[in-house]
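Take this structure, written in structure tokens, and hold onto it; I'll ask about it next.
The values are calculated or read from the model by the stated rules, or taken from the named source; none is laboratory data. Quick caveat, the model's predicted, so the values are computed rather than measured. We place every Cβ from the backbone using ideal geometry, glycine too, and count neighbours over all the protein chains shown. Heavy atoms of the whole protein, side chains included, go into the accessibility calculation; ligands, DNA and RNA do not. Shrake-Rupley method; radii C 1.70, N 1.55, O 1.52, S 1.80 Å.
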Amino acid sequence: MTGTTLILPDAWNSEYNEPYFTLYVFEHGDLFNTKLQFLEKQGNAYRIRLSARIPAGSVYGGETRLDLQTWMERLPDGE
């Protein structure tokens, strides 16, 4: 997965009428222009970068840019 980039320009999948992705930070809101990158792998862990646009009024008063980098661990099935 390293080197993979997932781009979701819209918040909703109109075919299934469900969000592609949502993030809960105090409140949940739609994310637009979402970009998820898998930057690096070490064992079962991946360093990822998530960037997106949160529209005004969705969670915050004004439009907000989200830019997050972190490590996440891939757990065995069932955990």
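Return the residues of region 46-59 that are part of a loop (DSSP other than H, G, I, E, B) and open to solvent by less than 40 Å² (accessible area, probe 1.4 Å); say none if nothing qualifies. Walk me through how you get there before you give the answer.
Here is the first cut: in region 46-59, the ones part of a loop (DSSP other than H, G, I, E, B) are 55-59.
Of everything in region 46-59, just one residue is part of a loop (DSSP other than H, G, I, E, B) and open to solvent by less than 40 Å² (accessible area, probe 1.4 Å), namely P55.
Shifting gears a bit: Has region 19-41 got at least one residue that is over 17 Å from the mean Cα position of the chain (by Cα) and free of Cβ contacts under 8 Å to residues at least 40 places away in the same chain? I'd like the intermediate steps shown before the answer.
As a first pass, look at region 19-41 and keep what is over 17 Å from the mean Cα position of the chain (by Cα): 41.
Going one step further and asking which of them are free of Cβ contacts under 8 Å to residues at least 40 places away in the same chain, we end up with none.
Within region 19-41, not a single residue is over 17 Å from the mean Cα position of the chain (by Cα) and free of Cβ contacts under 8 Å to residues at least 40 places away in the same chain.
What are the residues in region 10-45 that are surrounded by 10 or more Cβ atoms within 10 Å (Cβ to Cβ), of a type outside the set (D, E) and outside any strand (DSSP E or B), if any?
A11, Y20, F21, L31, N44
How many residues, within region 1-18, are on the phi < 0 side of the Ramachandran plot and free of Cβ contacts under 8 Å to residues at least 24 places away in the same chain?
Number of matching residues: 8.
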